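Working notes for the structure below.
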Amino acid sequence: MTAPSPSAPPMLHARQLFASHHGWLVARLQARLRCTADAQDVASETFLRVLASRHLGAVQEPRAFLTTIAKRLLFTLWRRRALEQAYLETLALHPEEFAPSPEDRAVLLETLDYIAQALDGLPLKARQAFVLSQIHGLGYHAIAGQLGISHSTVRRHMAEGFRRIAMALAQQEAGVAAPARRT
């Protein structure tokens with residue numbers, strides 16, 4: 001199958017990528033994930049991201065392009081699973097009578113997904129500052145020293161983290177946007 005010209009409509013490029021590389025991508029993901037359903041979910045999400053790409057006509061190495069997108073999705077999947085596992089382990093430490101109902105648990109996990117998705121867009125130092133503050137309980141001066149940044153930069157990173165979380169939770173409350181489908 002020949003590649004469409006660079007001036008062809010983006011949907012034609014996406015269709016070509018899908019037809020030529022979907023099977024290859026699923027097989028590659030299945031080898032990594034050892035689960036056909038997960039591999040198909042990540043491949044589907046990869047092609048959804050391809051559809052959102054603005055410069056499909058400029059893609060010179062389609063498999064490298066698809067691999068890059070899929071790897072980012074895999075990291076997100078693994079991070080979310082680790083977050084969910086940590087939540088479930090923490091939950092198991094509490095007496096059963098204090099355990100949330102299955103509905104409350106689903107809402108909590110969805111909320112964690114919104115928060116994680118909101119923080120995904122932050123630069124690495126900003127995410128690190130946020131985790132050091134909110135998970136490890138460090139003060140801003142301690143975070144600044146540990147990350148080698150100024151106190152005012154830590155404040156700026158924290159403000160942006162809280163802003164993103166507030167926006168994500170407001171979207172969740174309004175039902176405006178859902179986090180990426182959990183696989």
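Please count how many residues of the stretch 1-25 are surrounded by fewer than 18 Cβ atoms within 10 Å (Cβ to Cβ) and at pLDDT 90 or above.
The total comes to 5.
Run down Leu56, Leu83, Leu88, Leu51 and say which single residue is in contact with a His (Cβ under 8 Å, 6 or more places away or on another chain) and modelled with pLDDT under 90.
Among Leu56, Leu83, Leu88, Leu51, only Leu56 is in contact with a His (Cβ under 8 Å, 6 or more places away or on another chain) and modelled with pLDDT under 90.
The values are calculated or read from the model by the stated rules, or taken from the named source; none is laboratory data. Predicted model, so just to flag it, every value in this text is computed and none were measured. Because the Cβ atoms are built from the backbone with ideal geometry, glycine has one as well, and the counts that use them run over all protein chains shown.
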